[in-house]
Amino acid sequence: MQQQIEVKPMIKKRVAIVVSDKMDKTRVVAVQWFRKHPIYGRAVRRRSKFKVHDEKNEARRGDTVRIIETRPMSKDKRWRIIEIITRAPIVEVAPGEIDAEFLATQLKAASAPSAPAPAAEAAPAAPAAPVTVAAPGPEAVKKGKAKTAEAGAEPKPKAKKALKAAAAEEKAPAKKPARKKKTEESEK
């Protein structure tokens with residue numbers, strides 16, 4: 001009398017972060033795992049991306065979810081979201097708006113006159129360099145790379161060249177207009 005033992009296959013479960021939620025009922029998640037480097041022995045961080053099925057379109061970008069392996073649902077989908085572990089915070093302000101608000105406060109602070117110092121204090125300090133803040137271009141705002149100049153900060157090398165060129169133009173006398181090339185008609 002032999003009993004037959006039924007062996008259940010191990011169902012794979014993973015914890016992942018939602019990377020993209022642009023598709024309907026499909027999310028792209030990233031699972032992070034570590035592997036020992038074959039030569040150096042250091043733990044190397046690896047990442048696998050999976051397309052997972054989200055029946056109710058509940059998961060949003062940045063959420064931490066638990067996924068489980070399932071039957072093939074499409075060409076690339078073989079995983080399903082079983083629960084949302086943590087929700088990502090919802091950002092209601094666009095990065096461009098944040099940069100615009102920051103620049104506005106910087107401009108107000110730079111243009112506002114400072115309060116006069118009492119005469120009883122120490123010797124007068126050297127005049128501070130004026131703070132100039134340039135409005136970022138549309139590409140800088142898109143990428144979130146809007147920069148502001150700080151008081152006392154040295155300009156970058158390209159900015160130094162531009163400042164030197166502007167100073168040289170102010171000091172130099174006006175240039176004569178370029179000479180016209182002689183044409184055959186003017187020679188005759």
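In table form, for the structure just shown:
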{"read-out": "Residue satisfying all of: in segment 1-36; basic (Lys, Arg) and surrounded by fewer than 11 Cβ atoms within 10 Å (Cβ to Cβ); farthest from Ile81 (Cα to Cα) among these", "value": "Lys36"}
{"read-out": "Residue in segment 44-58 that is farthest from the chain's Cα centre (by Cα), counting only those that are in a strand (DSSP E or B) and surrounded by 11 or more Cβ atoms within 10 Å (Cβ to Cβ)", "value": "His53"}
{"read-out": "Unmet requirement for Arg35, which otherwise passes all of (1) within 23 Å of the chain's Cα centre (by Cα); (2) assigned to a strand (DSSP E or B)", "value": "(1)"}
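Where a number appears in this text, it was derived from the coordinates with a stated rule and is not lab data. If you're wondering where the values come from, they're calculated on a predicted model, not measured in any experiment. Note that each Cβ is placed from the backbone with ideal geometry, even for glycine, and that neighbours are counted across all protein chains shown.
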